[in-house]
Each structure stands twice: as C-alpha cells, then as structure tokens.
Amino acid sequence: MMSRPERLIVRVGRVRVGIATRALASKVGLEERCVWTAELAAAVAECTASLAARDDAERLRPRRARSGREGRPRLARRGHRRAHAEAAARTMESLGLINEGALAGAIVRGELARKPAGARLLRSKLARRGIASPAAARAVTQETAGREPLADALRLARHRLGRMSAGLDRDRVERRLLGLLARRGFDADVCRRAVRTALAERAAGGGQADAAGR
C-alpha cells in the first residue's frame, strides 16, 4: 500500500486494486503484508467506487450553485451507483460545497426582484431546483418577511391592468387578472381582493401607477 493524505492506494503485489480511506483500513484490518481475502477485496471495491463518486462530484461542481438533488443525476450519468451519488452529495453538503439554504435564498430573492410572487410559486420554484422542503420553507419565510401578499398582488394587478385594452369587458379582464395572480402563487382570497381593488380603482379613475416588473 502506498500512502496519500487520508487515503491509501491498495496494491496486491504490483497490481493496484483500489483505494481505501484510513478509516476503512483500520476498520477491516487492512495493513502492510496482510492476507488478501474476498472480504477485503469487496470492502476496497466499495470504498473505491464511493471515493470515485466523491471525486467526480467535486470536479463537476459548477460555477452556478446547484442543489444536492441536481448534482446526483450528473453523477449517475457518469456511471456511479445511486448510493454512491447520494453519499457524495451529502459529503459535499457537509463540506459547504453545496449550501441549499444559501441557494434557496438566492432563488427566492431573484424571483421576487423580477416580479411579485406568492409563497406557493416560490416553494414550487425551489422544489424544481431540488431544494428540500425544510430549506425551502425557511428561505420563503425569511425572504418574504415584511412583505404583504395583498400589497404585492395588488401591485401586480395594477401593473397588468394598466397594459390591458380599455375595450375589454370587465369579466374578461377579471378572469385574466385572477389567472395571472394565481399563476404567480397568490392564495385565492388574496387574488380576489387584489383584483376587486384594482378594478374599483380603475372604475373610479384613481388607478395608481406602480411598476411591477415585466
């Protein structure tokens, strides 16, 4: 065996048969001039595959932040077993190479900067990026603290209403606004109240200009 930091290159005679961690070597009794058994061979093979997945995970670490779930399919496509991909993702998370909390916060902030959105849409966006429910819930709660859903929905409804043709009948306008707010993740009651207020303001000629993004 030839030593490397935290790892051991395992050779039988002159043939390299795998890599083991020092922890594994201590656990299974792997040492210089020990008898090479089927049990040792299986343990070293498993450890070698696991370390290969971890190394690939580090090499595949992208410039754009990813969640753990996004990284696992990339490892699977490189031929690593699911268990090894899962273990590699957990290791990267523990080392801070994957920080789902920070990633979730950045996604929520970016979405809110683009256009007002309700909690339901924000959670859905995070789920599609593979952010686990606890981290997603924390990010949405933290990043929307101090925001009022009705005010956000009304802002968006006013903006869209201002871009609609004055010739559209009220029912069609109301359906379009409700659909927009629902797609942006606002609760049904918030949608109805925001649309009623925006339509009442326009009818009274007192609509408020308020940019809500594209």
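What follows draws every value from the coordinates through simple rules; no lab data is involved. None of these values were measured; they are calculated from a predicted model. Using ideal geometry, Cβ is built from the backbone for each residue, glycine included, and neighbour counts are taken over all protein chains shown.
Sorting R163, R170, R202 by the number of Cβ atoms found within 10 Å of their own Cβ, with the fewest placed first, yields R163, R170, R202. The HN-Hα couplings worked out from phi for segment 37-45 by the Karplus form 6.51 cos²θ - 1.76 cosθ + 1.60 (θ = phi - 60°) are 10, 4, 5, 5, 4, 5, 5, 5, 4 Hz, whole numbers, x standing for Gly and Pro. Legend: P(r) of segment 116-214 from all alpha carbon pair distances, 5 Å bins from 0, whole percents, reading 2, 13, 23, 21, 16, 10, 7, 4, 2, 0.
Label sites at R175 and V12, each approximated as a point 7 angstrom past Cα along Cα to Cβ, lie 7.3 nm apart.
Around the amide H of G18, modelled in the peptide plane, lie the amide H atoms of V10, all under 5 Å away and 5 or more residues distant in sequence or on another chain. Kirkwood radius and radius of gyration were both taken over the C-alpha atoms of segment 100-143, and their ratio Rg/Rh is 0.90. Using the Karplus relation 6.51 cos²θ - 1.76 cosθ + 1.60 with θ = phi - 60°, the per-residue 3J(HN,Hα) values for segment 178-194 come to 4, x, 4, 5, 5, 5, 7, x, 7, 5, 4, 5, 5, 4, 4, 5, 5 Hz, with x marking Gly and Pro. Extension gain for the segment L168 to A151, taken as residue separation times 0.36 nm less the Cα-Cα distance, is 3.7 nm to one decimal.
Counting every other Cβ atom within 10 Å of each residue's Cβ, S50, S133 order from fewest to most as S133, S50.
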